[in-house]
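Scroll down for the structure; my scribbles are underneath it.
The values are calculated or read from the model by the stated rules, or taken from the named source; none is laboratory data. In this text, all values refer to a predicted model and were calculated from it rather than measured experimentally. All Cβ positions, even for glycine, are placed from backbone atoms using ideal geometry, and neighbour counts span all protein chains on display. The accessibility values were calculated without ligands, DNA or RNA, using every heavy atom of the protein model including side chains. Shrake-Rupley method; radii C 1.70, N 1.55, O 1.52, S 1.80 Å.
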Amino acid sequence: MTTICVCKKDGKCKKRFPKQFAAETLEGQDSYPVYRRRDDGRAITLANGKVVNNSWVVTYNPWLLKKYDCHINVEICSSVQSVKCLYKYVWKGGDRVSMEVSSEKEEEYEIKHFVDARWVCPQEALWRIYQYQMNKIYPPVLSLQKNQEDEFARTLLYKEFPEHYVWDKPLKQWQRRRRNNKVTGRVNVFSTCSESYHLRLLLNSIRGSKSFEDLLKVGDQTFSTYNEVAQHLCLLESDTPIRDTLLEAVQVEMPCSLRRLFCMLLDLCNPTGVRELWDEFFPYMIEDYCQSNTETGAINLLLREIRFVLGEKLMATYKLPPITEDIGTSGVNELVSEEFRIPVSPEDLSSIDMLNADQKYAFDR
């Protein structure tokens with residue numbers, strides 16, 4: 001069996017080990033130092049038979065390792081350029097951890113915990129005072145608007161528009177792109193509303209419309225709702241758009257989100273082949289339930305959740321399978337239950353044995 005190392009890319013170490021030997025520490029060309037590594041002939045053989053020498057040693061400080069009893073990588077900032085590394089970690093994100101080991105029972109105040117855990121460094125405070133840009137999104141996400149003047153724009157689908165145009169804020173108008181930058185368009189439509197769902201469907205299917213009123217027109221005929229337009233254009237003749245929506249969601253959504261989406265599509269879009277959609281997608285909706293239940297039990301849990309959302313009457317209308325056994329209730333909040341259903345990898349479980357004494361004490365408490 002071949003062992004896959006996460007620290008390798010294309011068969012080579014991503015951190016560029018082994019390093020070159022050096023008689024003394026020098027400043028490297030990429031702002032990172034070349035540390036002293038003596039070629040003194042010393043080497044050891046690992047359990048897998050690999051022979052390693054000083055070129056494989058990670059920079060470290062023995063005093064820090066002994067004091068804190070954990071892995072600490074030590075690097076020298078020998079150039080002004082390397083200071084960017086410090087700021088990169090400062091602006092890495094707002095991740096915070098709050099932990100307290102106490103024998104007393106106290107009420108948990110979410111706001112207090114957030115305030116206690118938050119730390120604003122001087123650089124961030126200055127940045128916020130001067131209202132500089134805090135973050136960037138790549139590719140940029142643009143809220144789409146309509147262009148009523150450019151003929152070329154009317155040949156594009158709504159979602160294709162930002163690929164060819166960029167919004168000029170000072171002039172407050174769209175301009176043709178001069179560079180082929182990667183960008184994503186966002187359609188600001190609420191999918192929980194039936195009429196908005198059909199509006200999204202029209203925007204992704206019709207070219208050349210200049211306004212929302214144009215979307216209600218087909219030739220010389222004007223409709224009162226987007227649903228009627230979609231039906232007239234045979235966009236709702238089959239369940240293909242619903243199936244495509246679920247197929248896309250399967251790739252990126254968790255099972256709990258898939259279940260909510262499935263219920264929303266049944267309630268708002270009135271698919272004709274509900275049982276076919278059920279047979280195709282129920283395995284994806286019960287993946288988390290299957291962690292601690294049989295397949296039959298997982299299906300019953302899924303049906304109970306759908307029944308809770310849609311009601312008994314709609315369950316019968318859609319001809320979904322009946323619940324075959326009494327699954328009862330655990331009395332656990334659904335959000336908590338969803339967290340418990342997230343699988344824990346064997347690597348995470350085995351890492352418990354690697355905690356030092358203080359870490360193990362905190363973990364057990």
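Figures for the structure shown
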read-out: Within the range 6-43, considering residues that are among the hydrophobic types (A, V, I, L, M, F, W, C), part of a loop (DSSP other than H, G, I, E, B) and open to solvent by less than 100 Å² (accessible area, probe 1.4 Å), the one farthest from Asn61 (Cα to Cα); value: Cys7
read-out: Sole residue being of a type in the set (D, E, K, R), under 30 Å from Arg275 (Cβ atoms), at pLDDT below 80 and loosely packed, with under 10 Cβ neighbours inside 10 Å, chosen from Glu338, Glu334, Glu325; value: Glu325
read-out: Filter result for the condition that a residue is at pLDDT 75 or above and open to solvent by less than 50 Å² (accessible area, probe 1.4 Å), over Leu126, Leu156; value: Leu156
read-out: Residue within the range 296-303 that is outside any helix (DSSP H, G or I), at pLDDT 70 or above and in contact with a helix residue (DSSP H, G or I) (Cβ under 8 Å, 6 or more places away or on another chain) present; value: no
read-out: Residues satisfying the stated conditions in the range 218-241, i.e. over 17 Å from Asn270 (Cβ atoms) and either in contact (Cβ under 8 Å) with a residue 12 or more places away in the chain or of a type in the set (S, T, N, Q) (or both); value: Val218, Gln221, Thr222, Ser224
read-out: All positions within the range 220-234 that are crowded, with 17+ Cβ neighbours inside 10 Å and among the hydrophobic types (A, V, I, L, M, F, W, C); value: Val229, Ala230
read-out: Residue check, Val57 at pLDDT below 70 and over 30 Å from Lys159 (Cβ atoms); value: no
read-out: Selection count where residues are touching a residue at least 40 places away in the same chain (Cβ under 8 Å) and touching a Cys at 6+ places or on another chain (Cβ under 8 Å), scope the range 252-304; value: 2
read-out: Within the range 235-280, tally of residues that are of a type in the set (Val, Ile, Thr) and either at pLDDT 90 or above or surrounded by 14 or more Cβ atoms within 10 Å (Cβ to Cβ) (or both); value: 4
